[in-house]
Amino acid sequence: MNKYALMVAACMLVARSASAAPDYQNYYIHGRSCTSITPGQTAVYSNWGVESPSTAAIDVMCPIVLNYPSAGTELTSVWVMVSGYNRAGYNTLNCTVASTSRWDGTGQVSTRVFLPFSKDNPSPPQFDGAQFVPNDAFLTVICRLPGYTATGRSHLTGIWLQVGFGR
């Protein structure tokens, strides 16, 4: 095979793989849009996002409404990054991102991200990220926020998702 034929074959391979490339969409959820799902506890919103109103931890649910490119498109990947302030030396601020089947609600797949407590300096925001392969699905984000301590209040400031769609 000559150089010209090799170059044409390589271009065709690149073009075919590019046409099958996933469509990525970005979603940003500010901590203010997350709502408490802990009975009897209402989340508190401040300049820094959502927090627990007391020394007790609370769970909050954050909305994800995916915009599927077309009816036959499948959700193929999810990357999540969470930011916030963890000022509790215990009960780490963490978020679970779960996917369940659009068709029958089964087959949950999930990942979890953690914002650890930094005893050296609890003031700066923490970040953590994870990626997982979803179950062509609805996505749900639930975060556990520690209650306030003598060190201060923990805050969930934001969640960023990048989701990939393919066929």
Only one of S33, S83, S77, S52 is under 20 Å from S118 (Cβ atoms), in contact (Cβ under 8 Å) with a residue 24 or more places away in the chain and within 15 Å of the chain's Cα centre (by Cα), namely S83
Counting only strands (runs of 3 or more DSSP E) entirely within segment 54-116, those with at least 3 residues that are of a type outside the set (A, V, I, L, M) and under 30 Å from T151 (Cβ atoms) are 74-85, 93-101, 109-115
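Condition check ((1) touching a Phe, Trp or Tyr at 6+ places or on another chain (Cβ under 7 Å); (2) surrounded by 14 or more Cβ atoms within 10 Å (Cβ to Cβ); (3) under 20 Å from S33 (Cβ atoms)) across all residues:
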{"residue": "D104", "(1), (2), (3)": "no, no, no"}
{"residue": "K119", "(1), (2), (3)": "no, no, no"}
{"residue": "P125", "(1), (2), (3)": "yes, yes, yes"}
{"residue": "P134", "(1), (2), (3)": "no, yes, no"}
{"residue": "R144", "(1), (2), (3)": "no, yes, yes"}
{"residue": "F165", "(1), (2), (3)": "yes, yes, no"}
- prompt: Of the residues that make up segment 10-31, is at least one surrounded by 16 or more Cβ atoms within 10 Å (Cβ to Cβ), modelled with pLDDT of 75 or more and not small (G, A, S)?
  reply: yes
Taking segment 78-94 and keeping residues within 28 Å of N135 (Cβ to Cβ), at pLDDT 90 or above and not hydrophobic (A, V, I, L, M, F, W, C) leaves S83, G84, N94
Scanning segment 122-167 for residues that are in a strand (DSSP E or B) and among the small types (G, A, S), the one farthest from V109 (Cα to Cα) turns out to be G152
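The values are calculated or read from the model by the stated rules, or taken from the named source; none is laboratory data. Not measured: the values here are computed from a predicted model. Using ideal geometry, Cβ is built from the backbone for each residue, glycine included, and neighbour counts are taken over all protein chains shown.
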